[in-house]
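Visitor: Below is a structure I'd like to ask you about.
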Amino acid sequence: MKSSEQFPLEDEVLVDEFEIGTPQAGEQGRSKSDKKVRVVIAFEHRKGKSGRDYARVIQDYGAKSLQPIFDHHIKNDAEVLADGWSGYKPLNEDYPNLKQTLSNQGKNFKMLHIQIRNFKNWLRGVHSYCNKEYLQNYIDEYFFRFNRRNHLG
């Protein structure tokens with residue numbers, strides 16, 4: 001189960017990155033731990049409600065790793081809001097409506113962080129363990145189901 005990539009996110013899109021893995025002592029934020037897997041998420045915000053979402057495993061937080069979620073899942077004219085991370089700055093060329101603001105410890109991206117938490121809880125609750133090699137498959141399944149949550153049948 002995964003997206004057909006035929007329907008890119010539009011309107012207002014929030015983008016952020018997060019990590020999957022056990023917290024490591026002395027490592028917070030965008031640490032370079034080999035025990036964690038980095039993920040970027042794009043969240044469509046429509047009229048105060050959540051729309052569709054997509055996420056991808058990334059190698060690091062650089063622009064080259066962040067670019068594919070934009071290219072495959074976000075319309076070029078969407079109003080994109082990301083945190084102040086410098087890895088997003090080079091993407092302004094292809095996404096002129098990309099704006100950056102400080103996360104303010106997640107307060108400026110409340111619905112997005114709820115979605116990240118929901119995904120992590122689903123992963124822990126349903127699967128309890130996920131091999132790094134298969135994490136993208138789990139991500140694809142979760143968002144495939146999430147994006148079709150209002151379709152009956």
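Visitor: Going through Ile69, Ile74, Ile58 one at a time, which residue ends up being of a type in the set (A, V, I, L, M), modelled with pLDDT of 95 or more, farther than 23 Å from Arg149 by Cα and surrounded by 13 or more Cβ atoms within 10 Å (Cβ to Cβ)? Outline the logic, then answer.
Guide: Numbers: Ile69 fails: farther than 23 Å from Arg149 by Cα; Ile74 fails: farther than 23 Å from Arg149 by Cα.
Going through Ile69, Ile74, Ile58 in turn, the sole match is Ile58.
Visitor: Ok, one more. Going by what's in this entry, would Ala63 be described as modelled with pLDDT of 90 or more, among the small types (Gly, Ala, Ser) and crowded, with 19+ Cβ neighbours inside 10 Å?
Guide: No: the conditions fail for Ala63.
Visitor: Limited to the stretch 98-137, what total is found for residues that are exposed (fewer than 15 other Cβ atoms within 10 Å of the Cβ), part of a loop (DSSP other than H, G, I, E, B) and in contact with a strand residue (DSSP E or B) (Cβ under 9 Å, 6 or more places away or on another chain)?
Guide: Adding up the residues that qualify gives 2.
Visitor: Oh, and also: Go through the residues of the stretch 138-150 one by one and say whether even a single one is part of a helix (DSSP H, G or I), among the polar types (S, T, N, Q) and either over 21 Å from Gly51 (Cβ atoms) or more than 14 Å from the chain's Cα centre (by Cα) (or both).
Guide: No, the stretch 138-150 contains no residue that is part of a helix (DSSP H, G or I), among the polar types (S, T, N, Q) and either over 21 Å from Gly51 (Cβ atoms) or more than 14 Å from the chain's Cα centre (by Cα) (or both).
Visitor: For the stretch 110-147, enumerate the residues that are aromatic (Phe, Trp, Tyr), in contact with a helix residue (DSSP H, G or I) (Cβ under 9 Å, 6 or more places away or on another chain) and under 23 Å from Phe70 (Cβ atoms).
Guide: Within the stretch 110-147, Phe119, Tyr138, Tyr142, Phe143, Phe146 meet the criteria.
Visitor: Moving on. For the stretch 78-97, what are the residues that are in contact (Cβ under 8 Å) with a residue 60 or more places away in the chain and either touching a Lys or Arg at 6+ places or on another chain (Cβ under 8 Å) or in a loop (DSSP other than H, G, I, E, B) (or both)?
Guide: The answer is Ala78, Glu79, Val80, Leu81, Ala82, Asp83, Trp85.
The values are calculated or read from the model by the stated rules, or taken from the named source; none is laboratory data. Quick caveat, the model's predicted, so the values are computed rather than measured. Cβ: placed from backbone, ideal geometry, glycine included. Neighbour counts: every protein chain shown.
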